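The values are calculated or read from the model by the stated rules, or taken from the named source; none is laboratory data. Just so you know, these numbers come straight off a predicted model, no measurement behind them. Positions of Cβ are generated from backbone atoms using ideal geometry, with glycine treated the same way; all protein chains shown enter the neighbour counts.
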Amino acid sequence: MASDNRDLTIQDLSDRTGTPVRTIRFYVTERLLPGPEGRGTATSYTEDHLLRLRLIRALTGRHVPLAAIRARLERIPDAELAKVLSDEEQMAAAESVAEASSPREYISTLLNRAREAKQEKALSLNRMQTSRPESEEWRRVKIAEGIELHYTARAESEDAQVIRQIVDAARQIAGNSGRRDTQ
């Protein structure tokens with residue numbers, strides 16, 4: 001058992017999840033699992049690695065494609081891993097009960113899972129839409145005929161000096177280019 005959050009070896013992960021070391025390395029290569037901390041003999045894994053690996057195992061046990069697992073894992077913040085894993089394990093337990101019971105109950109469980117997945121996708125899309133800025137105000141500066149610089153009002157307040165330098169340099173270059181053409 002890990003005494004802190006950073007002292008798991010790849011063998012610890014393997015032993016605690018029943019996942020072969022080679023498979024863990026494959027998951028890292030496929031970006032399903034983040035790489036370890038450190039290098040060589042100093043490599044270590046965290047409890048977050050363990051939770052992600054357990055979640056990967058649960059999803060692969062349900063025959064979810066690796067690409068779908070990767071996409072799902074990319075959306076899950078580390079702080080929510082334990083809850084998502086718990087939900088997934090509960091769903092797997094419900095499925096095993098359904099598989100052991102009647103075909104009608106099994107089909108009902110599959111339909112419920114499909115509805116939940118559809119709801120999860122809708123919630124995810126809703127979160128993505130609400131997390132975007134509503135409408136950012138944009139600014140524009142004409143540098144030369146047919147050339148403009150566009151930037152957000154927020155960028156103007158945060159990087160006004162950089163914007164001014166870009167505009168001045170671009171106008172100088174555009175001005176020099178125009179003089180050369182007329183000579």
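So which of 136, 95, 99, 105 ends up being surrounded by 10 or more Cβ atoms within 10 Å (Cβ to Cβ), in a loop (DSSP other than H, G, I, E, B) and at pLDDT below 75?
Just one listed residue meets the conditions, 136.
Would you point out which residue out of 13, 55, 32, 59 is in contact (Cβ under 8 Å) with a residue 24 or more places away in the chain and part of a loop (DSSP other than H, G, I, E, B)?
Result: 32 is the single residue among 13, 55, 32, 59 that is in contact (Cβ under 8 Å) with a residue 24 or more places away in the chain and part of a loop (DSSP other than H, G, I, E, B).
Are there any pairs, at least 6 apart or on different chains, whose C-beta atoms fall under 8 Å, with the first in the range 37-52 and among the charged types (D, E, K, R) and the second part of a helix (DSSP H, G or I), and if so, which?
48/78; 48/81; 52/73; 52/81
Can residue 14 be described as more than 30 Å from residue 110 (Cβ to Cβ) and in contact with a strand residue (DSSP E or B) (Cβ under 7 Å, 6 or more places away or on another chain)?
So residue 14 fails the test.
Farther than 15 Å from residue 84 by Cβ, buried (at least 16 other Cβ atoms within 10 Å of the Cβ) and more than 18 Å from the chain's Cα centre (by Cα): which single residue out of 27, 45 fits that description?
None of the others qualify; the one that does is 45.
Mind checking which residues of the range 62-89 are among the charged types (D, E, K, R) and either under 18 Å from residue 113 (Cα atoms) or surrounded by 10 or more Cβ atoms within 10 Å (Cβ to Cβ) (or both)?
62, 70, 72, 75, 78, 80, 83, 87, 88, 89
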